[in-house]
Each structure stands twice: as structure tokens, then as C-alpha cells.
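I have placed the structure first, in the form of C-alpha cells, so that the comments after it can refer back to it.
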Amino acid sequence: MNKKVLLAVLAVLALLIVPMSPTMAITKADCAFTITGIQVLDLGKTWTEGNVAHIMGRQVRGTFTSFELGTGTFEATFDRRVNLLTGEGTYLAKPTITITAGGSLGLGTGSISGTGEAKVTVVGTAFPLRGSAVYTRGTDGFAGAMIRVDFWTIATGTAGAGTIAY
């Protein structure tokens, strides 16, 4: 084997053996939250096709409160489809949480956004949700964080619980 090729192969093997950067520790913690005072900012588009009622692009804002994460605002743009015969439907959202006062985990302020999906079951004139969300795009104190939560409708808005990795 050519000496230059052998040296190149050994150099590549040496790079694979030696770590390129120190391993970063990941901290995981439980978190819970409520979203209250939900207001509609934009009704979006609504229509009924057959037995299915649609909402596309509705924008909402509320107050986000979490002992662990802090307080601030919750904003989301969502689409919802509900079968008017069965009362069953789906909810897909693009939410953003903006923390203006940090919580007990000490992450400080910043924002984090992601995606959420839920099952809708109509009860009377209400559209209660039960679903999950993943937040992965953070800024400032939430840069590099990932939040996974389950959420559900409560009388005053929305509640949820899950974990944050940071």
C-alpha cells in the first residue's frame, strides 16, 4: 500500500477515535402550564363542506403561566376540522410561547415555537381538545431546548404538562 494512502487512512481513523468536542450534558425537567384569557386575533377562513366544518388560519393569543418555565404569552395559528354528525375532529396548530418573566428552572426569557395536534370532541357548543405538542425552535434562554407536552381544555382555557430538555 502506498505510504501516502496509509497515512491518510490512519489520520482519518485517529479523528474518529478522538472526540471533536466535549459532550454536553442535557438536563430534563418536568413542567406544567396553563393558558388563560384566550382571545381571537384573526378568525381565519371558515366553511362547511358536506358534514365537515372547517376553520383554517385562526390566530389566538392568551396568557401563559408555568411555575417552571415562567410567564408570558401564548400565540397560535390553527386549523380545525369537525364532523358535524359525529362531533369528532382534528386540530393542528403552530404555537409560540414567549416568556417575559422566567420561572424556577432559571432559563430566563425568550421564546419557543413548535407544532401541536389534538383530537376534538364536540360537547354542546364547546370544542374541547386533548392532544400533544412539541416545541423545538427556541431563542435566548430557550435556544437549544425541546419541550414535549400533553394538553387539554379546562374551564378557564388550556392546561398541560410534560418535560423540557435543555
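The values are calculated or read from the model by the stated rules, or taken from the named source; none is laboratory data. As the structure is a computational prediction, the values presented were derived from the model and not from experiment. Cβ atoms come from the backbone with ideal geometry, glycine included; neighbour counts cover every protein chain shown.
Here are a few things to note about the model shown:
- One residue from SER104, SER111 being in a strand (DSSP E or B) and small (Gly, Ala, Ser): SER111
- Of the residues in segment 55-70, at least one is charged (D, E, K, R) and more than 28 Å from ALA165 (Cα to Cα).
- Segment 97-134: number of residues that are in contact with a helix residue (DSSP H, G or I) (Cβ under 8 Å, 6 or more places away or on another chain) and of a type in the set (Ser, Thr, Tyr): 2
- Where LEU69 falls short, out of the listed (1) closer than 17 Å to ALA145 by Cα; (2) buried (at least 18 other Cβ atoms within 10 Å of the Cβ); (3) more than 19 Å from the chain's Cα centre (by Cα): (3)
- Checking each residue in segment 85-118 for being among the hydrophobic types (A, V, I, L, M, F, W, C) and closer than 24 Å to ASN51 by Cα picks out LEU85, LEU92, ALA93, ALA118.
- Candidate set from segment 99-134 (those that are among the hydrophobic types (A, V, I, L, M, F, W, C) and in contact with a Lys or Arg (Cβ under 8 Å, 6 or more places away or on another chain)); member that is modelled with the lowest pLDDT: PHE127
- Some residue of segment 30-49 being more than 18 Å from THR158 (Cα to Cα) and at pLDDT below 95: no
- Strands (runs of 3 or more DSSP E) within segment 127-166 that include 3 or more residues in contact with an Asp or Glu (Cβ under 8 Å, 6 or more places away or on another chain): 129-138, 157-165
- Being buried (at least 16 other Cβ atoms within 10 Å of the Cβ), of a type in the set (A, V, I, L, M, F, W, C) and either free of Cβ contacts under 8 Å to residues at least 40 places away in the same chain or not in a strand (DSSP E or B) (or both) is a property that does not hold for ILE35.
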